[in-house]
Structure formats: structure tokens, C-alpha cells
Amino acid sequence: GLTVGCILHDQPPQERRAQYACDITYGTNAEFGFDYLRDNGMAVTASEQVQRGYNFAIVDEVDSILIDEARVPLIISGPSVIAFDNKLYEQFKPRIANLVEVQRRHCAGYLEQVRKLQKRLEEEKQKDAHSETVAELRQEIGLLLYRTKIGAPKMPAFLSMMEDPDNMRLVNDTELELHSDQTKKALYAQKEELYFAVDEKGHDADLTEKGRNYMQPDDPDAFVLPDTITAFHDIDVNPEYDAAKKMQLKGAIQQEFENKSAQIHVISQLLKAYCLFEKDVQYVVQNNKVIIVDEHTGRLMTGRRWSDGLHQAVEAKEGVEIERETQTLATITIQNYFRLYKKLAGMTGTAETEANEFFDIYKLKVLVIPTNRTVARKDANDSVYKTQREKYNAVVNEIVELHRIGRPILVGTRSVESSEFLSHLLRKVNIPHSVLNAKHHQQEAEIVARAGQRGAVTIATNMAGRGTDIKLGEGVAELGGLHVIGTERHESRRIDRQLRGRCARQGDPGSSHFFISLEDDVMRLFGSDRIIKVMEKVGLEEGQELNHPLLNRSIQTAQKRVEQHHYQIRKRTLEYDDVMNKQREIVYGFRNEIIHSEDVQDRLLDVMEEVLILKVQECSDPDQDADLWNMKALLDWVNLHFPLSQTPEKILEVARAGTEKPIKDSLYGELSAQQFAVAEHLVDAIRDAYMLKASFENPAALRSVERYTILSAIDRLW
């Protein structure tokens, strides 16, 4: 007897409202969130609002929605009023591209120095392994390697050096020592040797003084913003300038401030685009457009754009059309949207590892429900290799071996780039296969339907992760079921578990095997010393694999570090949004009050009164007689905004007629008798003029205009 509704992307408001009015409403988290923002931040009449109360939400794949997507806020944007000139991106693009290349050569020089110093180190070790010279050489090598790590972290020659456990430990020790210094002077000195410093963990890139000089060699102050407060004060107190001259000088300083701000911002975003964003990893280029790839699902996010000019910077980097910058009209985090609900629940196969976060943020407890049938999956220990090349060779060998006996294989990759590279390797050994990634998503249903058939080989990004049910073909169970291969560990253990969960469903047989290299991002950025020690003990040869339960635990520890790092980011995002949320609740509450009020005229006149009293205070002094007030500024403002035709003589007459007793107001503080008399006179004059004008208007049309006036002011100023 319950009614059921469904929210789809292009539904008109009337239909959406009818769906929300049902007892149960299905929809995606983004549609719900955007409807909330449109209802509260953009609607101007009650008929445009579609949602009702926030009572009970049940979230499917709850960890994906409430945790993985929690770092990405929902944003409704529109054309920016103050947009940076797109020509700036084109102007600075060649300089940034050159800067990145110059730094790459710079870092290649450091590595050449390292090779020479390492030869000397070996010679000195043979004489005396504990000598002061050996310690000094190790320190110098460590600093050069650390400098390269923050200068060009993905340079192949550097990654190759990091395969040596001794080099990896040396870099880690150097980094720890530099960061443990409270003053950070040594760390700053290392960064200043470079043109810019890249922080991969923090996903940031910053120009150094050397880089700033390279970017603007003819203008040493190009990155120094003018101190507008001091400059404006100096202009105001200078007796030689009249009002027009002061206005002109302030305008010039403001223009300089805006121009420099725009240049600094564009350079910063271009640097991030070149250093931190890779084509076919974070985005793809299709039909002359940059389209974001969802890091969690591997799907294209058509219509979504990075904010703050970052998308324009990536467009400039790729040489496609740079679209106009947008501004945020309304925003909320997924976390704060779902916290609106009185009751919240969800389900997923992978919540246990995040039980603490669910409780800390949402006050939700995790309950583990036993599987319907016993899991028959066989999980092999991870195979660890020194380099990605060796790892991919091992993956191909395993695919060839299992394909020969006809077992279906699902190969999971982290990016479009790695899925296409693996596809290229399989074509070389004549293995027929399907590729499912953001570029080939049209055939998704067909590829997934075939993935469990005998002899099928499917390479997929995270798209074939959550909820994908791969049915086994005839005779496949006898061969051992579907075999899942992971080509690297994800930043979250949950995504790895989702990939594993594609096989051995409902008691079917199946197996999984992860292949890892020390060059993978998770291992490179968050790998522990324990892994380095194991590698040193074993002394890996070319192509040799490490396979040990102890290593599995070390890899999971590395993933826990990443998860903890991301949890802290999500927590900070929520803390920032909580401050915004208090304002959002007040502003949206005020908006809704205006939208649902029958008559907002009194509220509009109250606002006029508040603004007018503040203006009177601004143009007058309670300790001075009205003759000394800035009467011109007050009347210019009043007559500009209200058709009153007030004169200085009339205002002076009103002020002098004021009582001698000062007035205390809870909102405006203390008003002198003259200030109060003038404010009261102007407020009454405005009310009378407004009521006279209103008497000639259509009441319904007037109410609509009054409502729109208040709402547009709120939206413009908040």
C-alpha cells in the first residue's frame, strides 16, 4: 500500500515534486543534494521547491557515498561575474611548460651527481665504513635525492633509483630529519634550490623564489600584492588630493591588486595542472573537451568541472578550447546533506574497515551480516616486484597460463592509462580481450555479461567494481570459476575488496591475485620501512617476485596510512563546511521564510530602515552638530536609492528639532538625538513614498517583485 517515486536527471519541477511526495523515493545522492541546493539557494517561489522534510534515508553502497565521495562537495555554479581572462592561461602556459622542463633537467643533473657520489661512497666504505666522510657523503646523496623527490617525483630515472631499498631509506630519513626541525629552515633551503616544489600527498605544487624570478624576470614585484589598506589610508590623509584624485588613485591600486591576483592564481593553477594532473588518469580528452574521470568509479563525470580555474588550466595544458570560468552559486558537502536526515542507514559489503569514521561523523554503528552461502574464494598472497615493467610481465604470464585452460579472467586497473597499456601487452601475445574504461563505457552491459564466459579476458577500471554481478558461463565452475587479477593496490582497502568480490559470488568457486610494484603510487608515497627491510633481506633480482603473508600485512599498513590521511582530509573538509553550514542554515532559513510568507512588505521596509540608520551613522558623528556632518554623501546616497528629493536645509531643520536626549538602540548602539531625528524622518518619508507608489500597483505583482528583490539581494551578497 506504499507509493513509490523515482528521481531522474531531466524531470521538470512538477514531476519531481510528485515523486518526492511519495512514501518512498529512489534517486542518486547527487540528484537529492542538487535538489536541496536548488530548493534552498535558487528557488524564488514555493512552487519551484520540490523536496519535503528530511526524515529517513537509506543509502546503498553507503561507504562509497558517505566516505569516498565526502571530499567532493556538491556545487551548483553559474557564469562568473569576475572571471579571469582566458588569455592569461594562454599567456602563461608556454612559460610554465618551459619551467617544468627546466626543472626536469635540473633534477636529472642532481641524479647524475648522485651516481658520482655513490661511486665515491663505495670507495670510502671500503676504507672505513664508519668514517666521517661516509656520513657526509650519505647526507649529501640524501639531500639530492630528496630534492629530486619534491622537484620531479615521477621522473623515470628517479623511480628507478628508488627501487634500491638503501636509496629509499635514505630519502625517508632525510625527509624525516628536515621536517623534524621546528624552524623548517633546512627544508626551506632545499626547496629554494628548485623552481617549484611538488607535494604529492597534499596534492599541491608551489613556486619558489627561484621559480618566481624565472616566471617574471623583468618584474621582481610581480608576485607581491599591494597593501591596499595602507595605500588607501595614505591617500585619504594626504591633503594635496581632492576627492576625484583620491578616487582615481584608489581605483589604480585596486586594479593593480586584481591584475596581480589574477596572474598569481592562473600561474598557480597551471603549475598544478602540469605537475599533478595526468591525462587518462584524472581526466580524458574527448571531442576537444577535458572530461573528469571519477577516481572512485572510473566513470566519466560529464558536465562536472574543477573549480577555481583549475579546469581552465588543464584545458590550456591540453590545447583544447578554454571555457569560461564559473562561480559557485550554492554548495554543500555530501556529509552535511545526509546529516540533515533525522534517521540515516545504509548497506554495503565493505563498511567494517571504516566503522570508526561512520560513528565519528554520522553516529552510525556498523553491523556485519553473515554471507548467504559460504565464500569459496581463494585469495593468493600479493606478488611484489621491483618495477612496473616486471609486474606487468608477470600479469601477462598469469593471464596467458589461465586463458590456456579456458578460465575467465577479470583484470582490475586503477586508471584508463594502465588499462590501455595492459591491453597493448595482451595484443602482443594474441590474447583476445575486452576493455572496460571511461573511454569504452558504451558497451559496459555487454562486456560485463560476457566476462564470466569460458575463455573471456576483461580489463576494467573501477567501473566493474561495486555491485557488478558477473554470472559464470557453462562449465566455468569446474575450471575454478572467475579469476580476478589486481594490477595494483588502491588507496582504499575497500576498493580492493570490491574487486575481489566480483568473483566467487553466492558460493561459486573463484580466486584472486594482486600484483604490486614498488613504483606504484600507494607503495611510493605510503610504503613502510618494513617493506624496505624485507626487500633488503631477500635482495630481489630482475623479474623475481616477493610473496609472503608478512608482506601482505605491510601493504595493508600502507593502505591504512592512506585511509587515515584521507580521513583527516574529510574531517577537515567537514569542519570547514560546519562553519559554512551554520551560515547556510540561517540564510536558507531566511530565504524559506521569504518564499513562504504571504506578505514580505513589512520585512522589506524593516531592511530599508536598518540600512538607512547605518548610513546616517556612517555620514554623521554623535558628538558633532548636524552642521558638521557629511550631508552631501548622505543625501547623494538617499536620493540615488529613493525618490525623495531631500535637501540639506530640510535635513538640518529636522536635526535641530530633535530632542536633546540621546537614544540607545540594541542593534545600532547609541544614537544622538539629532541622528535619531534624521533617521526617523527619512524612514517615515521612505515608507510614505513607498506606500503611495504601492497603492497604484497590482497587489499580487507587487508581492512578487518584493519577494524577488529580497531573494536576489540574499543570493548576490551571500
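Just give me the residues in the range 201-245 being of a type in the set (D, E, K, R), within 32 Å of the chain's Cα centre (by Cα) and either over 23 Å from residue 93 (Cα atoms) or modelled with pLDDT under 90 (or both), in sequence order.
201, 221, 227
Those residues that are over 23 Å from residue 689 (Cα atoms), buried (at least 19 other Cβ atoms within 10 Å of the Cβ) and either aliphatic (A, V, I, L, M) or not assigned by TED's automatic domain parsing to the domain that holds residue 675 (or both), I need them from the range 595-620; list them, please.
Listed by number, the list holds a single entry, 595.
Given (1) touching a residue at least 40 places away in the same chain (Cβ under 8 Å); (2) among the hydroxyl-bearing types (Ser, Thr, Tyr); (3) out of contact with any Leu (no Cβ under 7 Å at 6 or more places or on another chain); (4) closer than 30 Å to residue 708 by Cα, identify the lone condition not met by residue 64.
All conditions are met except number (4).
Restricting to the range 689-717, count the residues that are farther than 24 Å from residue 327 by Cβ, of a type in the set (S, T, N, Q) and part of a helix (DSSP H, G or I).
1
Just checking: which of the strands (runs of 3 or more DSSP E) contained wholly in the range 330-434 hold 3 or more residues that are touching a Gly at 6+ places or on another chain (Cβ under 8 Å)?
In the range 330-434, 376-379 are the strands (runs of 3 or more DSSP E) which contain 3 or more residues that are touching a Gly at 6+ places or on another chain (Cβ under 8 Å).
Only one of 176, 117, 145 is under 23 Å from residue 517 (Cβ atoms) and assigned to a helix (DSSP H, G or I); which?
The conditions single out 145.
Within the range 166-200, which residues are in contact (Cβ under 8 Å) with a residue 12 or more places away in the chain and either loosely packed, with under 12 Cβ neighbours inside 10 Å or of a type in the set (Asp, Glu) (or both)?
166, 173, 175, 192, 193, 199, 200 - these are the residues of the range 166-200 that are in contact (Cβ under 8 Å) with a residue 12 or more places away in the chain and either loosely packed, with under 12 Cβ neighbours inside 10 Å or of a type in the set (Asp, Glu) (or both).
Among the residues of the range 32-48, write down those that are out of contact with any Lys or Arg (no Cβ under 9 Å at 6 or more places or on another chain) and of a type outside the set (Ser, Thr, Tyr).
32, 33, 34, 37, 38, 39, 42, 46
Residue by residue through the range 76-90, note down the ones that are out of contact with any Phe, Trp or Tyr (no Cβ under 8 Å at 6 or more places or on another chain) and either surrounded by 15 or more Cβ atoms within 10 Å (Cβ to Cβ) or hydroxyl-bearing (Ser, Thr, Tyr) (or both).
Answer for the range 76-90, where residues must be out of contact with any Phe, Trp or Tyr (no Cβ under 8 Å at 6 or more places or on another chain) and either surrounded by 15 or more Cβ atoms within 10 Å (Cβ to Cβ) or hydroxyl-bearing (Ser, Thr, Tyr) (or both): 77, 80, 84, 86, 88, 89.
Show the residue pairs that are 6+ apart or on different chains and have beta-carbon atoms under 7 Å apart, the first residue being within the range 491-509 and more than 21 Å from residue 522 (Cα to Cα) and in the same structural domain as residue 476 (by TED's automatic domain parsing), the second being at pLDDT below 90 and outside any loop (DSSP other than H, G, I, E, B).
502/464
Could you please give the count of residues in the range 312-328 that are within 16 Å of residue 96 (Cβ to Cβ) and outside any loop (DSSP other than H, G, I, E, B)?
Of the residues in that region, 7 qualify.
State all residues of the range 592-649 that are touching a residue at least 12 places away in the same chain (Cβ under 8 Å), closer than 25 Å to residue 697 by Cα and more than 45 Å from the chain's Cα centre (by Cα); if no residue qualifies, say none.
643, 644, 646
Inspect all residues belonging to the range 73-87 and state whether any of them is in contact with a helix residue (DSSP H, G or I) (Cβ under 6 Å, 6 or more places away or on another chain) and part of a helix (DSSP H, G or I).
no
Going through the range 151-165 one residue at a time, which ones are buried (at least 21 other Cβ atoms within 10 Å of the Cβ) and over 16 Å from residue 527 (Cβ atoms)?
Passing the criteria: 151, 152.
Output the helices (runs of 4 or more DSSP H) that fall wholly within the range 489-549 and possess 3 or more residues being modelled with pLDDT of 85 or more and within 27 Å of the chain's Cα centre (by Cα), or say none.
In the range 489-549, 493-500 are the helices (runs of 4 or more DSSP H) which contain 3 or more residues that are modelled with pLDDT of 85 or more and within 27 Å of the chain's Cα centre (by Cα).
How many residues does the range 205-225 hold that are under 18 Å from residue 148 (Cβ atoms) and out of contact with any helix residue (DSSP H, G or I) (no Cβ under 7 Å at 6 or more places or on another chain)?
The qualifying residues number 1.
Is one or more of the residues making up the range 121-130 touching a residue at least 12 places away in the same chain (Cβ under 8 Å) and either of a type in the set (A, V, I, L, M) or under 30 Å from residue 281 (Cβ atoms) (or both)?
Yes: one or more hits.
Output the qualifying pairs, or none if there are none: Cβ atoms under 9 angstrom, residues six or more apart or on different chains, first residue in the range 422-447 and more than 22 Å from residue 299 (Cβ to Cβ), second residue surrounded by fewer than 13 Cβ atoms within 10 Å (Cβ to Cβ) and at pLDDT 95 or above.
Close Cβ pairs (under 9 Å, with a partner that is surrounded by fewer than 13 Cβ atoms within 10 Å (Cβ to Cβ) and at pLDDT 95 or above) amount to 426/432.
Out of the residues in the range 123-137 that are surrounded by fewer than 12 Cβ atoms within 10 Å (Cβ to Cβ) and under 15 Å from residue 166 (Cβ atoms), state the one that is modelled with the lowest pLDDT.
Taking the candidates together, the pick is 129.
With the structure loaded, tell me whether residue 93 is surrounded by fewer than 18 Cβ atoms within 10 Å (Cβ to Cβ) and of a type in the set (Lys, Arg) or whether it fails that test.
no
The values are calculated or read from the model by the stated rules, or taken from the named source; none is laboratory data. Worth saying up front: this structure is predicted, and the values here are computed from it rather than measured. Here Cβ is always computed from backbone atoms with ideal geometry, including for glycine, and neighbour counts include all displayed protein chains.
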